[in-house]
């Protein structure tokens, strides 16, 4: 499988991955043999890159790869179902209402996604540019459920974490639209204060709808930092609810790896690098360690392209909790990216 820009597509090429729009509508399914009409349609939708089958897909590993792609397509379908429910919830939120029954339906459908192996890779491979609050909340809820599972929470605890995560940003529905997708670090002092207010606004909305104190605490505390540098209360360590610490990590991961207009999409390798450096300061190591361990394990064997143009496979991560992997190059030799800090991973293909 290889990534091919729209300008280089040719008739007769076969899609290796399903192509979806930003709102999760399937444009072309995996296995489609491209025609001139297909290529014209992709160009009209401004799809920059698609994945095409190459010699690898015809090798002895093809059946295994095809099975993964089928799981990916199934994930897209299930994710789309949840997205419709999530949109309904946030449309109600715009009118000042939080439908508890619909919210519980979202949580119920997210739980199987959170238990699906490869979910983090599937989320990354969607490659959408939809930055809606509902979709962000859905992704954070899925990621939070995965983290809770990895931390060996029981089923009821995972469900509570998922529900709290889905509702963590409800206060943003009271925020001016111009601030919702802005980087907080680039806001004026006045706008930053308005942005911070979404935590307490969320508590007010959840309290009026009758949600539990725990869910209210997650809305209030998901921007608090372990070192006390967060907001709105400047809480630290054990004063931050454990569920809020999970949601903080999931929220950070989604913000790091989601596509945003005008920005280069970052890979999970970038997220790993970030978490390694934040694990003993702003974020809870109890949450970060299982995340880092599982993500690193899932990345081994992935094919990558480096900033120097070379391609290879992720061979391993050093045992010293290093931030970056060792790459086995296609043309021979290895590169330890912890030492060659001027070289980075620009693209990767999930297994």
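Does residue 292 count as assigned by TED's automatic domain parsing to the domain that holds residue 240, under 30 Å from residue 244 (Cα atoms) and modelled with pLDDT of 85 or more?
Details: assigned by TED's automatic domain parsing to the domain that holds residue 240: no; under 30 Å from residue 244 (Cα atoms): yes; modelled with pLDDT of 85 or more: yes.
Answer is no for this residue.
Inside segment 36-47, residues that are surrounded by 12 or more Cβ atoms within 10 Å (Cβ to Cβ) and in a loop (DSSP other than H, G, I, E, B) make up a count of 2. Among the residues of segment 178-196, the ones that are modelled with pLDDT of 80 or more and either assigned to a helix (DSSP H, G or I) or touching a strand residue (DSSP E or B) at 6+ places or on another chain (Cβ under 9 Å) (or both) come to 13 in all.
When segment 265-316 is limited to residues that are farther than 20 Å from residue 340 by Cβ and assigned to a loop (DSSP other than H, G, I, E, B), the one that is nearest to the chain's Cα centre (by Cα) turns out to be 265. Looking across segment 89-99 at every residue that is crowded, with 16+ Cβ neighbours inside 10 Å and under 24 Å from the mean Cα position of the chain (by Cα), the one that is nearest to residue 201 (Cα to Cα) is identified as 93. Of everything in segment 297-345 that is out of contact with any strand residue (DSSP E or B) (no Cβ under 9 Å at 6 or more places or on another chain) and within 24 Å of residue 251 (Cβ to Cβ), the residue that is surrounded by the fewest Cβ atoms within 10 Å (Cβ to Cβ) is 297.
The values are calculated or read from the model by the stated rules, or taken from the named source; none is laboratory data. Small disclaimer: the values here were computed from a predicted structure and weren't measured. Positions of Cβ are backbone-derived with ideal geometry, glycine not excepted, and every protein chain shown enters the neighbour counts.
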